[in-house]
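These notes concern the structure reproduced below.
The values are calculated or read from the model by the stated rules, or taken from the named source; none is laboratory data. Since the structure is predicted, the reported quantities are computational estimates derived from the model, not experimental observations. Note that each Cβ is placed from the backbone with ideal geometry, even for glycine, and that neighbours are counted across all protein chains shown.
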Amino acid sequence: MNKFLLEIITPKGVFLKDEVQELYLKTSSGYMGIMAKHDTLIAGVEIAPGFILKDNKKEYYAIFGGVLHIDKNSVRLIVGNIERADSIDKARAKNSLTRAQERLKKKSDVVDQKRAELALKRALARLGSVERDFL
């Protein structure tokens with residue numbers, strides 16, 4: 001199977017730089033799979049779970065928004081943060097989800113609502129990556 005160079009960059013530095021077979025993530029246009037020789041593309045990346053296919057094994061991640069740049073046979077993903085599914089505490093993510101849902105019910109000021117919505121998306125991304133419940 002063909003591979004391409006994937007580079008994932010966070011504010012802390014290079015998170016991953018490796019040859020992979022596929023990247024699957026949620027863009028502003030919906031979920032998309034990227035394989036070798038993909039057309040050039042720049043897209044916004046949503047807060048959502050995703051995966052990387054490497055050596056015929058899927059590695060799941062919670063991706064916290066950013067920008068995707070595809071050029072020839074390389075992909076650069078610049079994100080605010082990204083977490084490996086195997087490093088996520090499922091119980092903690094469920095608690096975060098519950099707290100965010102409760103804050104959204106309170107209908108407080110606009111800033112708190114936006115923060116609660118983002119917390120909800122992050123919790124759903126974490127749970128989706130752990131449970132692999134987004135495909």
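Key figures
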quantity: Scan of region 105-121 for residues that are closer than 20 Å to Ile47 by Cα and either modelled with pLDDT of 80 or more or outside any helix (DSSP H, G or I) (or both), ordered by number; calculated: Gln113, Lys114, Arg115, Ala116, Glu117, Leu118, Ala119, Leu120, Lys121
quantity: Answer from Ile70, Ile88, Ile63, Ile78 - the residue that is over 18 Å from Val14 (Cα atoms), surrounded by 14 or more Cβ atoms within 10 Å (Cβ to Cβ) and either touching a Pro at 6+ places or on another chain (Cβ under 9 Å) or not acidic (Asp, Glu) (or both); calculated: Ile88
quantity: So Ser96, is it buried (at least 17 other Cβ atoms within 10 Å of the Cβ), in contact (Cβ under 8 Å) with a residue 24 or more places away in the chain and either small (Gly, Ala, Ser) or on the phi > 0 side of the Ramachandran plot (or both); calculated: yes
quantity: All positions within region 50-107 that are within 17 Å of Leu5 (Cα to Cα) and of a type in the set (D, E, K, R); calculated: Lys54, Asp55, Lys57, Lys58, Glu59, Asp71, Lys72, Arg76
quantity: Region 37-58 - residue that is under 18 Å from Leu16 (Cβ atoms) and in contact with a Ser or Thr (Cβ under 7 Å, 6 or more places away or on another chain) and, of those, surrounded by the most Cβ atoms within 10 Å (Cβ to Cβ); calculated: Pro49
quantity: Subset of region 1-28 [polar (S, T, N, Q) and over 17 Å from Val79 (Cβ atoms)]; calculated: Asn2, Gln21
quantity: Lone qualifier among Ala125, Ala93, Ala100, Ala119 - being among the aliphatic types (A, V, I, L, M), touching a strand residue (DSSP E or B) at 6+ places or on another chain (Cβ under 6 Å) and outside the structural domain of Phe15 (by TED's automatic domain parsing); calculated: Ala125
quantity: Among (1) surrounded by 19 or more Cβ atoms within 10 Å (Cβ to Cβ); (2) of a type in the set (Val, Ile, Thr); (3) touching a residue at least 40 places away in the same chain (Cβ under 8 Å) - the single one Val20 does not satisfy; calculated: (3)
